[in-house]
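Asks: After the structure tokens below, expect a handful of questions from me.
The values are calculated or read from the model by the stated rules, or taken from the named source; none is laboratory data. This is a predicted model, so every value here is computed, not measured. In this analysis, Cβ positions are derived from the backbone assuming ideal geometry, glycine residues included, and neighbour counts consider all displayed protein chains.
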Amino acid sequence: MLKRYFAALLIVTACCLGQGAGPARAQDAAAAPFDADLQRLAEILGALHYLRGICGANEGPKWRNEMQALINAETPSGDRRARMIAGFNRGYNGFQQTYRTCTPAANIAIRRYIDEGARISRDLTARYAN
């Protein structure tokens, strides 16, 4: 249930941010006020992509697809796009180096990241949705 809620919030956030980010796209190097949150959300998605895979969730590319949906909605270019992708890769690679199999600690990390991602999505939607 929480996973569905997080996914729904992520999609809503991605759609809302994509509509309201026009001026930030005009200046590629200029960061939008919510870029730090987007980068953190990207990192969380990367971590979930790896952790859910080793913990047998059988979700395939679900979290990577969520990241792609976020990028498609936000349409960042240049440095902004690179930072978002780097965040996803940092989240994925960080856990790939730490966990080879699912452990109780990995399951705790999954729950915490889902909670944090849902919170970030809610906050972004509340602050920046039109």
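Asks: Of everything in segment 35-52, what is surrounded by 21 or more Cβ atoms within 10 Å (Cβ to Cβ) and among the charged types (D, E, K, R)? Give them in sequence order.
Replies: Selection gives Glu43, Arg52.
Asks: To continue, here is another question. Read through the list (1) crowded, with 16+ Cβ neighbours inside 10 Å; (2) without any contact (Cβ under 8 Å) to a residue 60 or more places away in the chain, then give the number of the only condition that Tyr128 fails.
Replies: (2)
Asks: Taking segment 75-85 as the search range and keeping residues that are assigned to a helix (DSSP H, G or I) and in contact with a helix residue (DSSP H, G or I) (Cβ under 8 Å, 6 or more places away or on another chain), which one is surrounded by the most Cβ atoms within 10 Å (Cβ to Cβ)? Spell out how you get there, then give the answer.
Replies: Restricting attention to segment 75-85, the residues satisfying the condition of being assigned to a helix (DSSP H, G or I) are 78-85.
Now drop any that are not in contact with a helix residue (DSSP H, G or I) (Cβ under 8 Å, 6 or more places away or on another chain), which leaves 80-81, 83-85.
On the way: Arg80: 24, Arg81: 14, Arg83: 16, Met84: 22, Ile85: 16.
Among residues in segment 75-85 that are assigned to a helix (DSSP H, G or I) and in contact with a helix residue (DSSP H, G or I) (Cβ under 8 Å, 6 or more places away or on another chain), the one surrounded by the most Cβ atoms within 10 Å (Cβ to Cβ) is Arg80.
Asks: What pairs can you find where one residue is in segment 38-64 and of a type in the set (S, T, N, Q), the other is surrounded by fewer than 21 Cβ atoms within 10 Å (Cβ to Cβ), and their Cβ atoms are less than 7 Å apart, with a gap of 6+ or different chains?
Replies: Here the result reads Gln39/Arg83, each pair linking segment 38-64 to a residue that is surrounded by fewer than 21 Cβ atoms within 10 Å (Cβ to Cβ).
Asks: Let me ask something else about it. Just the residues that are at pLDDT 50 or above, under 22 Å from Asp123 (Cα atoms) and in a loop (DSSP other than H, G, I, E, B), please, taken from segment 13-70.
Replies: Result: Ala30, Ala31, Ala32, Pro33, Phe34.
Asks: Another question, then. All but one of (1) buried (at least 19 other Cβ atoms within 10 Å of the Cβ); (2) out of contact with any helix residue (DSSP H, G or I) (no Cβ under 7 Å at 6 or more places or on another chain); (3) of a type outside the set (Asp, Glu) hold for Asn72, so report the exception by its number.
Replies: (1)
Asks: Do any residues in segment 86-115 that are within 16 Å of Met67 (Cβ to Cβ) have Cβ atoms under 6 Å from those of residues that are buried (at least 17 other Cβ atoms within 10 Å of the Cβ) and of a type in the set (Ser, Thr, Tyr), where the two are at least six apart or on different chains, and which pairs are they?
Replies: Tyr92/Tyr50; Phe95/Tyr50; Gln96/Tyr50
Asks: Could you please let me know if Tyr113 is closer than 13 Å to Tyr50 by Cβ, at pLDDT 95 or above and hydroxyl-bearing (Ser, Thr, Tyr)? Reasoning before the result, please.
Replies: Values: closer than 13 Å to Tyr50 by Cβ: yes; at pLDDT 95 or above: yes; hydroxyl-bearing (Ser, Thr, Tyr): yes.
Criteria met by Tyr113.
Asks: OK, next. Identify, from the list Ala82, Ala86, Ala73, the residue that is within 19 Å of Ala31 (Cβ to Cβ) and within 12 Å of the chain's Cα centre (by Cα). So that I can check it myself, show each step before the final result.
Replies: Details: Ala82 fails: within 12 Å of the chain's Cα centre (by Cα); Ala73 fails: within 12 Å of the chain's Cα centre (by Cα).
Just one listed residue meets the conditions, Ala86.
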